[in-house]
Amino acid sequence: MNILALDTCFGACSAAAGRPGSDLACEFELRQTGHAEALLPMVEQVMARAQLPFSDLDRIAVTVGPGSFTGMRIGIAAARALSLATGAPVTGVPTLMVMAETARRDHALSGNSAKLPAHMLVAVDARKGQVYAQLFGGSSQGVHTAEVLDPADAARLIPEGPVVLTGSGAALVAAQLERVRTDVTVIFPGLQPDAACLAALAVDMAADHMPVRPLYLRPPDAKPQVGTSIPRVT
């Protein structure tokens, strides 16, 4: 299956194209801003390196959130536009699911022979004293849905037994447990979602896995000025 995968949800921009598991061209860049300017050149690069015509795409995959409000819109808008241009269906994949898969890949590539515990909590700093959090079991399917929580509430998601925490909010959650748990380990605190892992996940997902619209977990920070309104984006 020929896939084009896109991610712009958090502090990175990435694209991958080709057949996951064999020939996959990838671009990944850490960045806090400028996702819109970086994404389409990345798409052109990975499609060219994969020697994949846009007409041969079978699927387009995109992270749908949680994430920054601007980042989610950029990736989803690009995926929708490319779908209209190519006829390839779009699969939306939750961002924290992609991060769980990315953490497993990075652990396998790190040379660490230790097996990861059965449970993993992905936690991303959502600011305002909160984290985006989701608990995963032995696969990238979430045990619970993604939520925006106080670190203490996120810590309550963690079951008994060894667990790893990953992401920019992992240390915030771990701090809630350090006096009562000795079987909690933080890995990859700088973890970002990677389109290469998104592509691998999308192979086995139905094209309508999730609605291709932003997965908002809380309202935007921006407030309309008096006498104006902000149109609803779906």
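Is it true that Phe28 is of a type in the set (Phe, Trp, Tyr), open to solvent by 50 Å² or more (accessible area, probe 1.4 Å) and not in a helix (DSSP H, G or I)?
Considered against the rule, which asks whether it is of a type in the set (Phe, Trp, Tyr), open to solvent by 50 Å² or more (accessible area, probe 1.4 Å) and not in a helix (DSSP H, G or I), Phe28 comes out as yes.
For the stretch 27-34, state whether one or more residues are modelled with pLDDT of 95 or more and touching a helix residue (DSSP H, G or I) at 6+ places or on another chain (Cβ under 6 Å).
yes
Among the residues of the stretch 39-63, which ones are assigned to a strand (DSSP E or B) and touching a Pro at 6+ places or on another chain (Cβ under 9 Å)?
Arg59, Ile60, Thr63
Out of (1) touching an Asp or Glu at 6+ places or on another chain (Cβ under 9 Å); (2) crowded, with 24+ Cβ neighbours inside 10 Å, the odd one out for Ala123 is which?
All conditions are met except number (1).
Would you be able to say whether some residue in the stretch 56-68 is in contact with a strand residue (DSSP E or B) (Cβ under 8 Å, 6 or more places away or on another chain), hydroxyl-bearing (Ser, Thr, Tyr) and farther than 24 Å from Thr166 by Cβ?
Looking for residues that are in contact with a strand residue (DSSP E or B) (Cβ under 8 Å, 6 or more places away or on another chain), hydroxyl-bearing (Ser, Thr, Tyr) and farther than 24 Å from Thr166 by Cβ, one finds none in the stretch 56-68, hence no.
If you take the residues in the stretch 82-137 that are part of a loop (DSSP other than H, G, I, E, B) and of a type in the set (A, V, I, L, M), which one is nearest to Pro189 (Cα to Cα)?
Leu116
The values are calculated or read from the model by the stated rules, or taken from the named source; none is laboratory data. This one's a predicted model, so the numbers in the text were calculated from it and none came from an experiment. Note that we place each Cβ from the backbone using ideal geometry, even for glycine, and neighbour counts take in every protein chain shown. Note: accessible area is taken over every heavy atom of the protein model, side chains too, but ligands, DNA and RNA are not part of it. Shrake-Rupley method; radii C 1.70, N 1.55, O 1.52, S 1.80 Å.
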